[in-house]
Amino acid sequence: MTVGVNDRVMNALPLPVLTIGASGAVTHANAAAEAFFDMSLRVMQRQKLSDFIPFGSPVMALIDDVRQRGSSVSEHRIDIGSPRIGAERIVDVFATPLGDVGEDVIVMLQERTIADKMDRQLTHRGAARSITALGAMLAHEIKNPLSGIRGAAQLLEQSANDEDRQLTRLICDETDRIVKLVERMELFGEERPSERGPINVHGVLDHVKRLAQSGFARHIRFVENYDPSLPPVLGNRDQLIQVVLNLVKNAAEAVGIDASDGEIVLSTAFRTGVRLQMPGAAERVSLPIELSIRDNGPGVPADLVSDLFDPFVTTKAQGSGLGLALVAKIVGDHGGIVECDPAPRRTSFRILLPMHRADDGRASEL
């Protein structure tokens, strides 16, 4: 083991970190590296790094560059995939010399799937902030003048002939349509803090399932895969119902009314290790409560996946593109994250939320 490397500090790091000796041999690796490469430290120490990454990998050249420069070097989006660790593993690589003496190099890997997920969450939060400002602006600048336009059209209708009355009716109908859109946008302008407390997510899911089965999803089979020991989340019940209802309705529409084998799977699970840095907060927030809504529809077009939670992005001919934007805003307001896995016949939306804690800091129980 290289002198100066502290086992406890290394193993506390969530990213894979390895120390590479002068001969290219692995002299040390933390617990995250053992999990990433699916081999123990003892096995790795009997090999060189080049033995378990692809031949000619830029990682080896990066390490040589660090030794020549005597300073840190980084490279982004390197594929180190192999049969052992997976066909495609895209990572960012950070390498730095270990001390002033010797040729040992510390290599840290950050898998791009994790980094990209955080980038997407920041984008979703930015979109939510933008739509909040837009909603407030629309309510103030557009809704009031529209009522005046509608009133004027109604006055004209009283003295208009049949042909002109069709035009005044068209003005009223189109004004009503715009007002409904603005009212939906007003939901994003709501900045007042909502009342939150311990919420049983299974109660939320069951409520939405009953609504769906009595209406828009009566032709679809529901499957429940719940973790019965799940603690309550910290949230607002009505808002969480709105989130799940939007996602279940989208899933039902994706399955279609003509599908004979339509299925929606509602799942919950407790996931440790997922933490998110909230704006203005000094500590990372744990997000162990997972809700998942999966359908067997055709999936999401690849060109829409990255923008799916942005306002006015939709796959529906008559859709407004605000449903998923509202989902992203509400989940973000709860301190959580929402992700989409768009695989055909297995499209799933996954929500991660913080759990409710009592005043003494312990997890609450329902």
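The values are calculated or read from the model by the stated rules, or taken from the named source; none is laboratory data. The shown structure was predicted, so the numbers you read here are calculated from the model rather than taken from an experiment. So basically every Cβ, Gly included, is an ideal-geometry build from the backbone, and we count neighbours across all protein chains shown.
Would you tally the residues in the stretch 155-192 being outside any helix (DSSP H, G or I) and at pLDDT 75 or above?
We begin by selecting, within the stretch 155-192, every residue outside any helix (DSSP H, G or I); these are 159-161, 190-192.
Right, trim to at pLDDT 75 or above and you get 159-161.
Adding up the residues that qualify gives 3.
If you go through the stretch 34-41 one residue at a time, do you hit one that is among the hydroxyl-bearing types (Ser, Thr, Tyr), more than 17 Å from GLY99 (Cβ to Cβ), in the same structural domain as VAL91 (by TED's automatic domain parsing) and surrounded by fewer than 15 Cβ atoms within 10 Å (Cβ to Cβ)?
If we filter the stretch 34-41 for residues that are among the hydroxyl-bearing types (Ser, Thr, Tyr), which is where we start, we get 40.
Applying the additional criterion that residues be more than 17 Å from GLY99 (Cβ to Cβ) yields 40.
This time we only want the ones that are in the same structural domain as VAL91 (by TED's automatic domain parsing), so: 40.
Retained after the next criterion (residues that are surrounded by fewer than 15 Cβ atoms within 10 Å (Cβ to Cβ)): 40.
Yes, some residue in the stretch 34-41 is among the hydroxyl-bearing types (Ser, Thr, Tyr), more than 17 Å from GLY99 (Cβ to Cβ), in the same structural domain as VAL91 (by TED's automatic domain parsing) and surrounded by fewer than 15 Cβ atoms within 10 Å (Cβ to Cβ).
From the list ARG84, ARG77, which residue is part of a strand (DSSP E or B), surrounded by fewer than 16 Cβ atoms within 10 Å (Cβ to Cβ) and at pLDDT below 85?
After ruling out the rest, the residue left standing is ARG77.
May I ask you to list the residues in the stretch 208-220 that are surrounded by 14 or more Cβ atoms within 10 Å (Cβ to Cβ) and either out of contact with any helix residue (DSSP H, G or I) (no Cβ under 9 Å at 6 or more places or on another chain) or basic (Lys, Arg) (or both)?
Within the stretch 208-220, LYS209, GLN213 meet the criteria.
Do any strands (runs of 3 or more DSSP E) entirely within the stretch 266-339 hold 2 or more residues that are at pLDDT 80 or above and more than 14 Å from the chain's Cα centre (by Cα), and if so, which? Reasoning before the result, please.
On the way: elements: 275-277, 284-286, 289-295.
Qualifying strands (runs of 3 or more DSSP E): 289-295.
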